[in-house]
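Chemist: Just passing along the structure, written as structure tokens.
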Amino acid sequence: MAEFKQFLSALREPVSAVEIKDGTGMVGTVGDVHTVVLRTGGALHALTAICTHQRCVVVFKSETTSLDCPCHGSRFKVDGSVLRGPAESPLASYPVEERDGFVWVKR
Ligand code: FES
């Protein structure tokens, strides 16, 4: 059963909510699963960081406010929907909250 787990940076350290400023995003892990957390309009969003095409790890691009896959060029909106293929399926999103100044994701 899904439960809230702490979002960890690539260095496996807990990420404080203030580190993710508006218009930025970060790829890290939640329970060893690649996850991206980003902030737009002041609100945090959490999605899988695994591209639905062939499972490469996406990166967040502040310039275009999109999640881009370096492998074959798929792009996703911050809500996970496909902006450009070859991926056909959206990125799954997960509940996210700030707790005691840190980021927690339910997945
Ligand atoms: S694995 Fe992401 S576009 Fe192919």
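FYI, it's all coordinate maths here, none of it is from the lab. It should be emphasised that the depicted structure is a prediction, and the values quoted were computed from it without experimental measurement. For neighbour counting, all protein chains shown are included, and Cβ atoms are generated from backbone atoms with ideal geometry for every residue, glycine included.
Chemist: Order of 34-47, 92-105 by packing, highest average Cβ count within 10 Å first?
Modeler: On the way: 34-47: 18.7, 92-105: 16.6.
By packing density, highest mean first, the sequence is 34-47, 92-105.
Chemist: Can you list the HN-Hα couplings for the range 27-40, worked out from phi with the Karplus curve (6.51, -1.76, 1.60; θ = phi - 60°), rounded to whole Hz and with x for Gly and Pro?
Modeler: These are the phi-based 3J(HN,Hα) values: 9, x, 9, 10, x, 6, 9, 4, 9, 10, 10, 9, 10, 9 Hz.
Chemist: While we're on this one: Once the other residues with Cβ under 15 Å from the Cβ of residue 51 are scored (Lys, Arg +1; Asp, Glu -1), what is the net sum?
Modeler: Counting the neighbours of residue 51, the net charge comes to +3.
Chemist: Tell me, what ³J(HN,Hα) does each residue in the range 76-82 have, in order and in whole Hz, if you take phi through Karplus 6.51 cos²θ - 1.76 cosθ + 1.60 with θ = phi - 60° and put x for Gly and Pro?
Modeler: Each residue of the range 76-82 in turn: 10, 6, 5, 8, x, 5, 6 Hz.
Chemist: Under the Karplus relation 6.51 cos²θ - 1.76 cosθ + 1.60, θ = phi - 60°, what is the ordered set of whole-Hz ³J(HN,Hα) values for the range 42-49, x standing for Gly and Pro?
Modeler: Going residue by residue, I get x, 9, 7, 9, 10, 9, 5, 9 Hz, with x marking Gly and Pro.
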